[in-house]
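Working notes, beginning with the structure itself.
The values are calculated or read from the model by the stated rules, or taken from the named source; none is laboratory data. A quick note: this is a predicted structure, and the numbers were derived from the prediction, not measured. No Cβ is skipped: glycine too gets one built from the backbone with ideal geometry, and neighbour counts run over all protein chains shown.
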Amino acid sequence: MTVITDRTLSDFVTEVSRQQHAMAGAVIAASAAQAAALGRACMQISREVETATAVTQPGARLDHILSDLLAWCDRDADAIAEYVALRNSGEPLAGQRLLCRAPATVSRLAIEAAQILQEFRPLVVERVRDDLEISISLLASVAQAALLLLDSNLRIWAEERPLLTEFEPILDELIAVMAALSPVKRIRDGRPGGFPKPLGSRREMKQYKTIFTTERGHRHQQVALAAAPDMLDITMLRQPTTAVLRTHLADADYLISERTGVIDADAIAAAPHLKLILRLGSLTHDIDVAAAKTAGVPVCYWPVASVIRVAEHLVMQMLALSKKLRESEAIALAAG
């Protein structure tokens with residue numbers, strides 16, 4: 001086994017840059033370990049300054065996460081060779097699972113480390129407060145990078161249904177968990193001396209809280225988000241339970257529902273600020289339109305392009321039939 005973590009940082013960088021294959025997994029795992037180590041130092045420094053600060057249990061867990069991240073970094077160095085060996089022995093799916101499991105696990109570990117550090121925020125001493133935020137931000141970014149690697153592997157092996165069945169739910173779960181992370185965007189926000197917000201910036205643009213419910217997977221969700229206008233602050237929910245949907249609707253301005261999904265009177269009542277319900281599809285049978293009308297919330301439906309084309313084709317067939325109906329009737333009557 002290649003023990004890449006025993007090398008100096010300079011040697012590690014050289015090793016990565018000279019490989020004939022991209023060692024994205026090892027780079028991501030190593031970055032996560034470094035970010036977690038920074039956060040661990042902030043916890044320890046806070047404990048030394050404030051002796052009453054309790055960090056034993058979360059600190060021990062963070063140490064364990066660090067160890068696991070380093071182990072995954074080493075394992076990734078041999079991952080391609082393991083995959084090729086499994087493929088050559090007639091077990092390609094096992095090799096694909098290995099290359100998908102690694103980024104999923106690294107992302108989960110990075111998310112957990114960020115959660116531990118977020119919970120430590122009230123206890124961190126001022127001396128390392130900003131460093132803790134930097135650590136959390138790094139971990140959140142690394143977790144996202146690991147998910148991109150997993151999604152990349154699923155794209156490459158898109159025809160492997162067992163692989164998608166196993167890892168697509170994991171991908172969606174991790175995306176949902178990541179949404180709970182709260183890395184700061186600016187260290188000086190809310191502090192004296194911070195930079196003023198530039199006029200006309202996106203920060204000053206009115207943001208509308210939008211809930212987007214869907215049954216479709218991560219890649220489709222990303223396409224939808226990329227096409228959305230900047231003024232929509234979108235929360236993507238895949239097949240949310242009734243309770244989860246109501247919770248998110250509490251401060252929502254718009255609700256976009258793709259294809260199907262019950263929107264009943266209770267859900268509408270849970271959204272006092274709701275301005276519009278949009279169904280991306282042609283059916284609204286599972287939306288309580290009467291309750292929406294009573295609440296003063298318009299309900300719209302927008303058939304997707306493929307549905308529109310099918311409808312147009314059907315109309316063309318009906319028109320063609322009507323043009324030849326008399327002729328066809330005459331032929332049928334003549335035949336007896």
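Overview of results
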item: Answer residue from region 6-35, given it is modelled with pLDDT under 80 and under 29 Å from the mean Cα position of the chain (by Cα) and is surrounded by the most Cβ atoms within 10 Å (Cβ to Cβ) among those; result: V16
item: Pick from region 287-336, criterion in a loop (DSSP other than H, G, I, E, B) and at negative phi, ranking: surrounded by the most Cβ atoms within 10 Å (Cβ to Cβ); result: D288
item: Checklist (1) in contact with a Gly (Cβ under 7 Å, 6 or more places away or on another chain); (2) modelled with pLDDT under 90; (3) not basic (K, R) applied to T213, failing item; result: (2)
item: Considering residues of region 102-128 that are of a type in the set (K, R) and in contact (Cβ under 8 Å) with a residue 60 or more places away in the chain only, the residue surrounded by the most Cβ atoms within 10 Å (Cβ to Cβ); result: R108
item: Test: L70 is closer than 30 Å to E160 by Cβ and either at pLDDT below 85 or of a type in the set (A, V, I, L, M, F, W, C) (or both); result: yes
item: Residue satisfying condition, being of a type in the set (D, E) and either within 26 Å of G217 (Cα to Cα) or at pLDDT 95 or above (or both), within set E159, E91, E133, E119; result: E159
item: Leading residue by the ranking (surrounded by the fewest Cβ atoms within 10 Å (Cβ to Cβ)) among those in region 61-91 that are of a type in the set (K, R) and touching a residue at least 40 places away in the same chain (Cβ under 8 Å); result: R61
item: Residue in region 272-291 that is under 27 Å from the mean Cα position of the chain (by Cα), of a type in the set (D, E) and within 16 Å of S257 (Cα to Cα) present; result: yes
item: Selection from region 275-285 of residues that are modelled with pLDDT under 95 and crowded, with 18+ Cβ neighbours inside 10 Å; result: R279
item: Among (1) among the basic types (K, R); (2) assigned by TED's automatic domain parsing to the domain that holds R129; (3) in a loop (DSSP other than H, G, I, E, B) - the single one R188 does not satisfy; result: (2)
item: Search result, residues across region 148-157 that are over 10 Å from I28 (Cβ atoms) and part of a helix (DSSP H, G or I); result: L150, D151, S152, N153, L154, R155, I156
item: Criterion: in a helix (DSSP H, G or I) and free of Cβ contacts under 8 Å to residues at least 12 places away in the same chain - qualifying residue of A41, A94, A35; result: A94
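Residue-wise test of (1) in contact (Cβ under 8 Å) with a residue 40 or more places away in the chain; (2) under 14 Å from I175 (Cβ atoms); (3) surrounded by 13 or more Cβ atoms within 10 Å (Cβ to Cβ); (4) not hydroxyl-bearing (S, T, Y).
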position: F212; (1), (2), (3), (4): yes, yes, yes, yes
position: G217; (1), (2), (3), (4): yes, yes, yes, yes
position: L245; (1), (2), (3), (4): no, no, yes, yes
position: H248; (1), (2), (3), (4): no, no, yes, yes
position: L255; (1), (2), (3), (4): yes, no, yes, yes
position: E258; (1), (2), (3), (4): yes, no, yes, yes
position: A265; (1), (2), (3), (4): no, no, yes, yes
position: A269; (1), (2), (3), (4): no, no, yes, yes
